[in-house]
Amino acid sequence: MTSANDLISIRNLQVSLMSARGLVHAVRGIDLDVQRGEIHGVVGESGCGKTVTAKSIMRLYDENIMLSGGHIFFEGYDMFSLSEREIQALRGSEVSMIFQDPMTALNPLYTIGYQLEETLTNKGVKKMEAAARAVKLLEDVGVNPPESRKSQYPFEMSGGMLQRVMIAMAISCNPKLLIADEPTTSLDVTVQAQILDLLTRLRDGRYMSILMITHNFGIVAEICDRVSVMYAGGIVESGDVREIFRDPRHPYTSDLIKSIPRSGTRGTLLATIPGTPPDLLREINGCAYAPRCRYASGVCAEAPPPPRSISESHSYACVRGT
Amino acid sequence: MPLAVSLLFLVGVIIIAVFAEKLATHDPNRLDVTHRLDAPSHEHPLGTDKTGRDIYSRLLHGSRITILSAFGVVLISALIGIPLGIAAGYFGGLADKVFMRMFDVILAFPSLLLAFVFVAAFGRGITNAVLALGIVYVPMLARLTRSLVLVEKNKAYVEAARSIGYSNAHIMMAEILPNCVDTLAVQMTLDIGYAVLDLASMSFLGLGVQPPTPDWGAMLEDGWIVMTSNPFVALAPGTMIVMTVVALNIFGDGVRSYLDPAQKKLPSIRKYRRPVRDLRK
Amino acid sequence: MADRILQYIVVLIASSAVIFILVRMNPADPVAVILGGRQTNPQTVANIRREFNLDKSYFEQYRAWIGGILRGDFGVSFRYRRPVTALVKDRVPVTAGIVIMSAVISVLVAIPTGIFAALKRNTWIDTGISLIQLLLVACPPFLTSILMIWAITAVAPTFPFVGSYDTFWQFLRRIFLPSLALSFSMIALTSRVTRSCMMDQLQANYRTVAVSKGLPPSAVIFRHCLKNAIIPVITVLGSQSGILIVGSVLVEKVFSLAGLGSVLIDAIKASDYPIVQGVTMLLVFVFMTISAILDIAYCVIDPRIRLT
């Protein structure tokens, strides 16, 4: 089922979470593969389940989130059958993660140097060596000058700098997979480009895979090799980024692509998608996108559309043929 | 459920306080040297104290003065504290600074200690104790009001009222205050509980209610020496104090979480949860 | 931090003025209090007025009082005609002992309890702890003391509640139960605050990050969350230390200990105001100093305040 080139394979993942309104079925049985060395994008509107999927990989569940089915294989290990201690050993060293809001992601009471070194010493690196490696890492991610920056507290640094520190922390133990959950959303546009550039450079230099969670198709176009489009807890289309951009098969994907602002379209109205995503508290019988889809017909509401593959590197879930 | 029970209890206490004469079996102050420190009996359901007074009747009459004075404390602190807090928050600037510095001085005293000094100045007795605690409670309520007003005054409806040309007084009292009243009411409910405790402490030290007036705190003072002879003399008022304060706390917290749904606890997901290893099958 | 120290000094001076003015609002004539009902003649009255500075203006009296305090002289009692310092000297250790011991007990019990409740949030353990907290908050310290003595007497009638103490160890044993009784309401309040602060920190973003780095749960909870949670708890401890200071007055009455409380209350009842203002000033000074020290501790722990 999983190929040797897959670093991580998600199979039929189902996750529920408790909200003030009741039990939300946030992820509804998704399949997703991330290959070695690729940048894989997961794109979708907020609330479509992409962050929950990302957190599932490292089992970063808080008390309101629950796994209700499926498997995640990481290099063949079934992540859900590992003990708490085993998963703890994987976190940071094999898989690591960076988050949306760097301003709150670091502990305000410790220097960034301490927090960076802590990551290393926790994995058994000696104190002296950790200090030296921390300087090197900060240099690698462009935090300059690293020696003096090390003794600063998070509140003394800008969002962009903190995200660089977060990245340094995440790559400190040479993980095979870096999960980036909306890493640029809360940053200025100019800083966004720098961070994306840094991530691509790191991937090339270290041969690690990146799972890029974003709501921005522009970012996907810019840095991703492959992409999975998520809608209402399911994946509607996935495959090679260039192929999907050239030939989007799912109406949601093409609607999303149309709503990217582009140069040369000044003065024209930006395409928008009418309606709102479905209520995830309820069961969805047919295609989740049907109520907003311009091509929807009777069959769409009856049964979930079967996945179709048009090539080795492109599949989608829609009854509408080619 | 606990909310309903505590509400019921509080209503009960108020009914007792109002109808104390009807419900009491004896004159609360009548001495009876032949029945000193009697154990509970048919005649005296909770026994008698060291001068033969009926504890049950004293307890009922005591509820009146205890509840009334606790209300009095909160009323005084609200009448002074809320207007000061609104003015300080709304106008800001110098008025705000002056009020806040004044409150800092009041808060420099451990709360009951300032009340002690007030009593030293104006004499012992329940009226002065109520006045003193009322003033001691002002800063806390005023600071809360101020912080609420600081949030409210930047909202659109205040801007709108100002653009229509309403006076500052109207905006403060008729526009902002009604939006703060929920939170203030909760705080005042909790404050009544603290006032019951503080008044009992003062009466216990002989600075509040003076003998022979029945009051829960003063009854405790009567009763604690004779605990071994008739524990009910102290246990009865002690239990009433604790239960009243517990009920007020539950009620206040309950109303707070009703008003602020963000604080509401999420239902547990645990009942849906299956062990992770089950999922491997 | 300089602001905080300036504020401390200003408020201390202002509160001394408040105490001084309030105490002089008492309608009782000091001379009558000093004479205590004895017959007298105008010459004695004039002598007494001079002796106690009563012939000077209020401003002069205030200056003399503050000047005296700075030299360690708290004035002379009306009733005993002895220096206030001499009257309270032996009592300070009792009150200080009770306050310190109950503060130590409270912190040692309340903070672990609060953390534990936060970690076990929304379980029956948490509910149980919050029920006990509710009960302890509603139980005034003197009632706790009464019940404690009653219960122990019922179990062990020969338990020595009263009696003298010669060694330091006996002193500690003597003040242990009063301190315990006093600490109960403080435990309830502090553990409640600790729980809610800890809950906030357990939901903070940096906690998820710390877990994602692969840190063991103990490091996440103690090294990261607890340090953040403890900062607001420290400030609350400062304002709650007032409960212990006043509460000591109540428990020492029940445990018949000779502390500052009984001196103060007797003096209030007898309008002996050199004692009232002296003891009150001392307690206010202690309370404010504790708050100020804790505020400074807060600044030291939190780099956001220390460095800006």
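The values are calculated or read from the model by the stated rules, or taken from the named source; none is laboratory data. Worth saying up front: this structure is predicted, and the values here are computed from it rather than measured. For neighbour counting, all protein chains shown are included, and Cβ atoms are generated from backbone atoms with ideal geometry for every residue, glycine included.
Exactly one of (1) crowded, with 22+ Cβ neighbours inside 10 Å; (2) without any contact (Cβ under 8 Å) to a residue 40 or more places away in the chain is unmet by A:Val220. Its number?
The number of the failed condition is (2).
Out of the residues in the stretch C:230-276 that are among the charged types (D, E, K, R) and assigned to a helix (DSSP H, G or I), state the one that is farthest from C:Val94 (Cα to Cα).
First, pick out the residues of the stretch C:230-276 that are among the charged types (D, E, K, R): C:252-253, C:266, C:269, C:272.
Restricting the remaining residues to those that are assigned to a helix (DSSP H, G or I) gives C:252-253, C:266, C:269.
Numbers: C:Glu252: 9, C:Lys253: 12, C:Asp266: 17, C:Lys269: 22 Å.
Checked the stretch C:230-276; the qualifying residue farthest from C:Val94 (Cα to Cα) is C:Lys269.
Find the residue count for the stretch B:1-53, including only residues that are part of a helix (DSSP H, G or I), at pLDDT below 80 and surrounded by 15 or more Cβ atoms within 10 Å (Cβ to Cβ).
Summing the residues that are part of a helix (DSSP H, G or I), at pLDDT below 80 and surrounded by 15 or more Cβ atoms within 10 Å (Cβ to Cβ) in the stretch B:1-53 gives 1.
Can you pull out the residues in the stretch B:222-240 that are within 7 Å of chain C (Cβ to nearest Cβ), surrounded by fewer than 24 Cβ atoms within 10 Å (Cβ to Cβ) and part of a helix (DSSP H, G or I)?
The first filter runs over the stretch B:222-240 and keeps only residues within 7 Å of chain C (Cβ to nearest Cβ), leaving B:224, B:227-228, B:231, B:234, B:238.
Subsequent filtering for residues that are surrounded by fewer than 24 Cβ atoms within 10 Å (Cβ to Cβ) retains B:224, B:227-228, B:231.
Passing the criteria: only B:Trp224.
Tally up the residues in the stretch A:237-283 that are acidic (Asp, Glu) and assigned to a strand (DSSP E or B), please.
Start the filter on the stretch A:237-283 by keeping residues that are acidic (Asp, Glu), which leaves A:237, A:240, A:243, A:247, A:255, A:279, A:283.
Narrowing further to those that are assigned to a strand (DSSP E or B): A:237, A:240.
Total satisfying the criteria: 2.
Just to verify a result, which residue in the stretch A:121-142, among those that are of a type in the set (A, V, I, L, M, F, W, C) and over 24 Å from the mean Cα position of the chain (by Cα), is surrounded by the most Cβ atoms within 10 Å (Cβ to Cβ)? Before the answer, list the steps.
To start, the set of residues in the stretch A:121-142 that are of a type in the set (A, V, I, L, M, F, W, C) comprises A:125, A:128, A:130-132, A:134-135, A:137-138, A:141.
In the following step, the residues that additionally are over 24 Å from the mean Cα position of the chain (by Cα) were identified as A:125, A:128, A:130-132, A:134-135.
On the way: A:Val125: 18, A:Met128: 8, A:Ala130: 22, A:Ala131: 16, A:Ala132: 14, A:Ala134: 27, A:Val135: 19.
Going through the qualifying residues, I end up with A:Ala134.
Hand me the list of helices (runs of 4 or more DSSP H) wholly inside the stretch C:1-107 holding 2 or more residues that are away from every other protein chain (no Cβ under 14 Å) and touching a residue at least 60 places away in the same chain (Cβ under 8 Å). Step through it out loud before you land on a result.
On the way: elements: C:2-24, C:30-35, C:42-51, C:58-70, C:84-88.
In the stretch C:1-107, the matching helices (runs of 4 or more DSSP H) lie at C:58-70, C:84-88.
For the stretch A:278-322, which residues satisfy the criterion of being closer than 18 Å to A:Met230 by Cα and of a type in the set (S, T, N, Q)?
If the condition is that a residue be closer than 18 Å to A:Met230 by Cα and of a type in the set (S, T, N, Q), then A:Asn285, A:Ser309, A:Ser313, A:Ser315 are the ones that fit.
When you look at A:Val34, is it more than 14 Å from chain C (Cβ to nearest Cβ), farther than 30 Å from C:Met199 by Cβ and in contact with a helix residue (DSSP H, G or I) (Cβ under 8 Å, 6 or more places away or on another chain), yes or no? Show your work before the answer.
Details: more than 14 Å from chain C (Cβ to nearest Cβ): yes; farther than 30 Å from C:Met199 by Cβ: yes; in contact with a helix residue (DSSP H, G or I) (Cβ under 8 Å, 6 or more places away or on another chain): no.
Spelling it out, it is not the case that A:Val34 is more than 14 Å from chain C (Cβ to nearest Cβ), farther than 30 Å from C:Met199 by Cβ and in contact with a helix residue (DSSP H, G or I) (Cβ under 8 Å, 6 or more places away or on another chain).
I'm trying to understand the selection: among the residues of the stretch B:128-170, which are under 29 Å from the mean Cα position of the chain (by Cα), among the hydroxyl-bearing types (Ser, Thr, Tyr) and surrounded by fewer than 20 Cβ atoms within 10 Å (Cβ to Cβ)?
Passing the criteria: only B:Ser147.
Regarding the stretch C:137-156, can at least one residue be identified that is free of Cβ contacts under 8 Å to residues at least 60 places away in the same chain, assigned to a loop (DSSP other than H, G, I, E, B) and over 22 Å from the mean Cα position of the chain (by Cα)?
yes
Read through the list (1) without any contact (Cβ under 8 Å) to a residue 24 or more places away in the chain; (2) within 26 Å of A:Ser9 (Cβ to Cβ); (3) buried (at least 18 other Cβ atoms within 10 Å of the Cβ), then give the number of the only condition that A:Ser238 fails.
Of the numbered conditions (1) without any contact (Cβ under 8 Å) to a residue 24 or more places away in the chain; (2) within 26 Å of A:Ser9 (Cβ to Cβ); (3) buried (at least 18 other Cβ atoms within 10 Å of the Cβ), the odd one out for A:Ser238 is (1).
Checking C:Ile234 against (1) at pLDDT 90 or above; (2) more than 14 Å from chain B (Cβ to nearest Cβ), which test does it fail?
Only one criterion in (1) at pLDDT 90 or above; (2) more than 14 Å from chain B (Cβ to nearest Cβ) is unmet by C:Ile234, namely (1).
Given (1) on the phi < 0 side of the Ramachandran plot; (2) surrounded by fewer than 20 Cβ atoms within 10 Å (Cβ to Cβ); (3) of a type outside the set (A, V, I, L, M), identify the lone condition not met by A:Gly29.
(1)
Restricting attention to the stretch A:56-81, report how many residues are more than 27 Å from A:Ser19 (Cα to Cα) and either within 9 Å of another protein chain (Cβ to nearest Cβ) or of a type in the set (Gly, Ala, Ser) (or both).
Within the stretch A:56-81, the first condition is being more than 27 Å from A:Ser19 (Cα to Cα), and the residues that meet it are A:73-78.
Checking which are either within 9 Å of another protein chain (Cβ to nearest Cβ) or of a type in the set (Gly, Ala, Ser) (or both) leaves us with A:76, A:78.
So the answer is 2.
If I filter the stretch A:1-10 for residues that are within 14 Å of another protein chain (Cβ to nearest Cβ), at pLDDT 90 or above and either touching a Cys at 6+ places or on another chain (Cβ under 8 Å) or in a strand (DSSP E or B) (or both), do I get at least one hit? Steps first, answer last, please.
Applying the first criterion (within 14 Å of another protein chain (Cβ to nearest Cβ)) to the stretch A:1-10 yields A:10.
Filter again for at pLDDT 90 or above, leaving A:10.
Pick out the ones that are also either touching a Cys at 6+ places or on another chain (Cβ under 8 Å) or in a strand (DSSP E or B) (or both) and you get A:10.
Checked the stretch A:1-10: at least one residue is within 14 Å of another protein chain (Cβ to nearest Cβ), at pLDDT 90 or above and either touching a Cys at 6+ places or on another chain (Cβ under 8 Å) or in a strand (DSSP E or B) (or both).
Can you list the helices (runs of 4 or more DSSP H) lying wholly within the stretch A:103-220 that have 3 or more residues being in the same structural domain as A:Thr53 (by TED's automatic domain parsing), among the charged types (D, E, K, R) and at pLDDT below 95?
Numbers: elements: A:112-122, A:127-140, A:146-150, A:159-171, A:189-206.
Per the criteria, A:189-206.
How many residues, within the stretch A:93-109, are under 26 Å from C:Ile230 (Cβ atoms) and at the interface with chain C (Cβ under 8 Å from one of its Cβ atoms)? Can you show your working first?
Start the filter on the stretch A:93-109 by keeping residues that are under 26 Å from C:Ile230 (Cβ atoms), which leaves A:99, A:101-109.
When the remaining residues are screened for being at the interface with chain C (Cβ under 8 Å from one of its Cβ atoms), the result is A:99, A:101, A:104-109.
Adding up the residues that qualify gives 8.
Restricting the search to the stretch B:108-127, which residues are more than 11 Å from every other protein chain (Cβ to nearest Cβ) and either without any contact (Cβ under 8 Å) to a residue 12 or more places away in the chain or crowded, with 24+ Cβ neighbours inside 10 Å (or both)?
The first filter runs over the stretch B:108-127 and keeps only residues more than 11 Å from every other protein chain (Cβ to nearest Cβ), leaving B:125-127.
Of everything in the stretch B:108-127, just one residue is more than 11 Å from every other protein chain (Cβ to nearest Cβ) and either without any contact (Cβ under 8 Å) to a residue 12 or more places away in the chain or crowded, with 24+ Cβ neighbours inside 10 Å (or both), namely B:Thr127.
Please work out if C:Pro160 is loosely packed, with under 15 Cβ neighbours inside 10 Å and within 14 Å of chain A (Cβ to nearest Cβ). Steps first, answer last, please.
Values: loosely packed, with under 15 Cβ neighbours inside 10 Å: yes; within 14 Å of chain A (Cβ to nearest Cβ): no.
No.
Is it the case that the stretch C:282-305 has a residue that's surrounded by fewer than 24 Cβ atoms within 10 Å (Cβ to Cβ) and part of a loop (DSSP other than H, G, I, E, B)?
yes
Conditions tested, residue by residue: (1) within 11 Å of chain B (Cβ to nearest Cβ); (2) surrounded by fewer than 21 Cβ atoms within 10 Å (Cβ to Cβ).
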| residue | (1), (2) |
| --- | --- |
| C:Phe116 | no, yes |
| C:Leu119 | no, yes |
| C:Ser130 | yes, yes |
| C:Leu143 | yes, no |
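Which of the residues belonging to the stretch A:149-185 are surrounded by fewer than 19 Cβ atoms within 10 Å (Cβ to Cβ) and among the hydroxyl-bearing types (Ser, Thr, Tyr)?
A:Ser151, A:Ser158, A:Thr185 - these are the residues of the stretch A:149-185 that are surrounded by fewer than 19 Cβ atoms within 10 Å (Cβ to Cβ) and among the hydroxyl-bearing types (Ser, Thr, Tyr).
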